[in-house]
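The values are calculated or read from the model by the stated rules, or taken from the named source; none is laboratory data. Model, not experiment: these values are computed from the prediction. Here the Cβ positions follow ideal geometry from the backbone for every residue, glycine too, while neighbour counts run over all protein chains shown. We work out accessible area using only protein heavy atoms, side chains counted, and drop any ligands, DNA or RNA first. Shrake-Rupley method; radii C 1.70, N 1.55, O 1.52, S 1.80 Å.
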Amino acid sequence: MFWRDTWTIFRRQMILSLRNPAWVLIGLLQPIMYLTLFGPLLEQVASVPGFPPGDSWKIFVPGLLVQLGIFGGFFVGFAVIAEWRAGVVDRMLVSPAPRGALILGRVLRDVVSLTVQGAVLMAAATLFGLAVPLYVMGLGLLLVALLGGAFSAFSYAAGLALKSEDSFAPLINMFALPVLLLSGILLPMSLAPRWLQVLSDINPFKHVVDGLRAVFLGDILSMTAAFGFGLALALMVLGLWVGARVFSGQVK
Amino acid sequence: MAETSGEAGAIHARGLRKTYAGRKGQEVVAVTGVDLDVAPGEIVGFLGPNGAGKTTTLKMLATLLKPSGGTANVSGCDLAADPLGVRKRIGYVSQAGSTLPDAPLMLEIESQGRLYGLSTKEARRRGLELMEALDLGGLERRKSQNLSGGQRRRLDIVMGLIHRPELVFLDEPTTGLDPQARANLWEHIRRLRDELGTTIFLTTHYMDEADSLSDRLLIIDKGEIVGEGTATKLKAELKGDSLTLTFSGGEAAETGEEVAAGLEGAANVVRQGNVLFLNLPDGARALPGLIKRLSDAGAEPIGAELSRPTLDDVFLALTGRSLRE
């Protein structure tokens, strides 16, 4: 029942997305755009003192993958607001489907699409000069899937709780900038003053980025890597729990 | 009525209540306490002005809102103990619609059927059958944004019927439709009951809809049921013809109100501004005499209208307010 309904929701969302050529095209072009726009900049930044040691692509690509996971999931809440307004959410809540299946089916669509984008990004990065074994790429995709799932679940939960694009958009903006800056994805945090570094240490995404970088640099069995992946997994579980709570909380 | 365990398609509710926590801890009452009984195969119209608690009551019975108090048995299942059982047995057609504007109809119909346990193939088969029955044949590849208002409402009904429920809730099914599309939809709703025996519980704030479509009416105002019965019975209870008198000003109308209230047989005297409504047995015969008495009292009406009572008069008599406000 649960998995069948999850599949039903997933299939509906997937078909809706694939029928939209703009969604498919932008989804595939976006990772390549990241690389071509940031890549040239990266070669300059890599020579700055304080940039983590190692091959610059192995530092840069994990950051982009984490960014893809976070930001790819961030905005899906807008879609659930539109669905709520069209009566689709109520229609599904009044059906016998388990509430968890209603959110998991949606989250899985986002996980699949983000994983494909992650694969495109790494394939393109390989052309630019990234050289890592296939299983490292696989771990990279796993992390994108975990983070993407977590953020898509949080985003659906927030969208459905707020039910207004006008409140949802500022919420996203409030979170996006600090998360991005303090994770060291774009600029190394070693350049930051002490207080900013402390803030960054509290930011879980800094550790997720560090973990994936460790994997890309070959330290797969390190504590840093385990901590990063563990955090991502915990976020995904928390996200799905919160999401299922918000969906069932619609009936109150 | 005796409390039954509840048969398929029926509704029995007692003291169904919904309150919200308002600001400063005050309780906001949306539905004060609703008792209602609907028999299997009935078309019951739930009539009341906007904000009376119609949709809230409907959402509680359809498991979309948790009642703050009271009990209900919906299609044989206890609402509080077995909401899943209720969900399996009912169809719910919301005011807001049921499909994404840019989704192809068949995709929505398939997903809906599957959530009720049908195979994709069976959902598709039933969907095509229902679309044919509701004059939507050949539109399954369209998107709902390309349908007319009437077609979209019929699509919502297809969605609500895909699992052949014993009981269907229709929330304001014809709001926003032109008269022709409304009459057409009534036809479909009536046929649904006649051919499949489906119980239909619909909310409306249109008098003509309640009058021509429902077997029986429940009238709700300010969160409470204030009247119940067939349209004929409710009208007969008014005891007389409806008389509307218009005065030149509020003061004259007040004098008119006093005179009318003293009149033998006059009932349901309600004044709104400079207009007076009342019921008068054998109105055509009594009217000239009444106008003379009003003139003698210095409150000659500037207009008088006499009619057989309508549901609007029923509503006015029960609530002191016109439904058209």
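General observations
- Matching entry among A:89, A:132 (being among the aliphatic types (A, V, I, L, M), more than 20 Å from residue A:30 (Cα to Cα) and within 13 Å of another protein chain (Cβ to nearest Cβ)): A:89
- Test: residue in the range A:216-223 that is open to solvent by less than 70 Å² (accessible area, probe 1.4 Å) and either modelled with pLDDT of 90 or more or within 30 Å of residue B:58 (Cα to Cα) (or both): yes
- Residue in the range B:35-52 that is within 14 Å of another protein chain (Cβ to nearest Cβ) and either more than 30 Å from residue B:140 (Cα to Cα) or over 21 Å from the mean Cα position of the chain (by Cα) (or both) present: no
- The condition of being modelled with pLDDT of 85 or more, farther than 26 Å from residue B:217 by Cα and in contact with a Leu (Cβ under 7 Å, 6 or more places away or on another chain) holds for residue B:259.
- Check on residue B:247, open to solvent by less than 20 Å² (accessible area, probe 1.4 Å) and at pLDDT below 90: no
- When residue B:305 is tested against (1) farther than 23 Å from residue B:211 by Cα; (2) open to solvent by 30 Å² or more (accessible area, probe 1.4 Å); (3) touching a residue at least 24 places away in the same chain (Cβ under 8 Å); (4) not in a helix (DSSP H, G or I), exactly one condition is not met: (1).
- Scan of the range B:21-42 for residues that are modelled with pLDDT under 90 and on the phi > 0 side of the Ramachandran plot, ordered by number: B:24, B:25
- For the range B:105-124, a residue qualifies if it is facing chain A (nearest Cβ under 10 Å), among the hydroxyl-bearing types (Ser, Thr, Tyr) and open to solvent by 10 Å² or more (accessible area, probe 1.4 Å), and the qualifying residues are B:116, B:120.
- Selection status of residue B:33, of a type in the set (Gly, Ala, Ser), touching a Lys or Arg at 6+ places or on another chain (Cβ under 8 Å), open to solvent by 20 Å² or more (accessible area, probe 1.4 Å) and closer than 20 Å to residue A:96 by Cβ: no
- Selection within the range B:78-104 - more than 7 Å from chain A (Cβ to nearest Cβ) and assigned to a loop (DSSP other than H, G, I, E, B): B:79, B:80, B:81, B:82, B:95, B:102
- Given (1) farther than 28 Å from residue B:171 by Cα; (2) without any contact (Cβ under 8 Å) to a residue 24 or more places away in the chain; (3) not in a loop (DSSP other than H, G, I, E, B), number of the condition residue B:264 does not satisfy: (3)
- In the range A:93-107, the residues that are under 13 Å from residue A:10 (Cα atoms) and facing chain B (nearest Cβ under 9 Å) form no Cβ pair under 6 Å with any partner that is polar (S, T, N, Q) and open to solvent by 10 Å² or more (accessible area, probe 1.4 Å), whether six or more places apart or across chains.
- Residue in the range A:192-203 that is in contact (Cβ under 8 Å) with a residue 60 or more places away in the chain and either surrounded by 17 or more Cβ atoms within 10 Å (Cβ to Cβ) or in a helix (DSSP H, G or I) (or both) present: no
- Subset of the range B:1-30 that is among the basic types (Lys, Arg) and either touching a Lys or Arg at 6+ places or on another chain (Cβ under 6 Å) or without any contact (Cβ under 8 Å) to a residue 40 or more places away in the chain (or both) - its residue that is farthest from residue B:175 (Cα to Cα): B:24
- Any hit, the range B:155-168, residues being over 22 Å from residue A:90 (Cβ atoms) and out of contact with any Lys or Arg (no Cβ under 9 Å at 6 or more places or on another chain): no
- Residue satisfying condition, being within 14 Å of chain B (Cβ to nearest Cβ) and either at pLDDT below 95 or under 27 Å from residue A:34 (Cβ atoms) (or both), within set A:250, A:197: A:250
Listed here are the residues, each with its yes/no results for (1) at pLDDT below 90; (2) closer than 22 Å to residue B:63 by Cα.
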| site | (1), (2) |
| --- | --- |
| B:119 | no, no |
| B:130 | no, no |
| B:179 | yes, no |
| B:199 | no, yes |
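- Here A:248, A:200, A:222, A:190 are screened, and the one residue that is farther than 15 Å from residue A:143 by Cα and in contact with a Phe, Trp or Tyr (Cβ under 8 Å, 6 or more places away or on another chain) is A:190.
- Restricting the range A:1-47 to residues that are outside any helix (DSSP H, G or I) and modelled with pLDDT under 80, the residue that is farthest from residue B:119 (Cα to Cα): A:47
- Among the candidates B:72, B:62, residue that is among the aliphatic types (A, V, I, L, M), open to solvent by less than 50 Å² (accessible area, probe 1.4 Å) and in contact with a helix residue (DSSP H, G or I) (Cβ under 7 Å, 6 or more places away or on another chain): B:72
- Restricted to the range B:53-77, and to residues there that are without any contact (Cβ under 8 Å) to a residue 60 or more places away in the chain and small (Gly, Ala, Ser), the residue that is farthest from the other protein chains (Cβ to nearest Cβ) is B:70.
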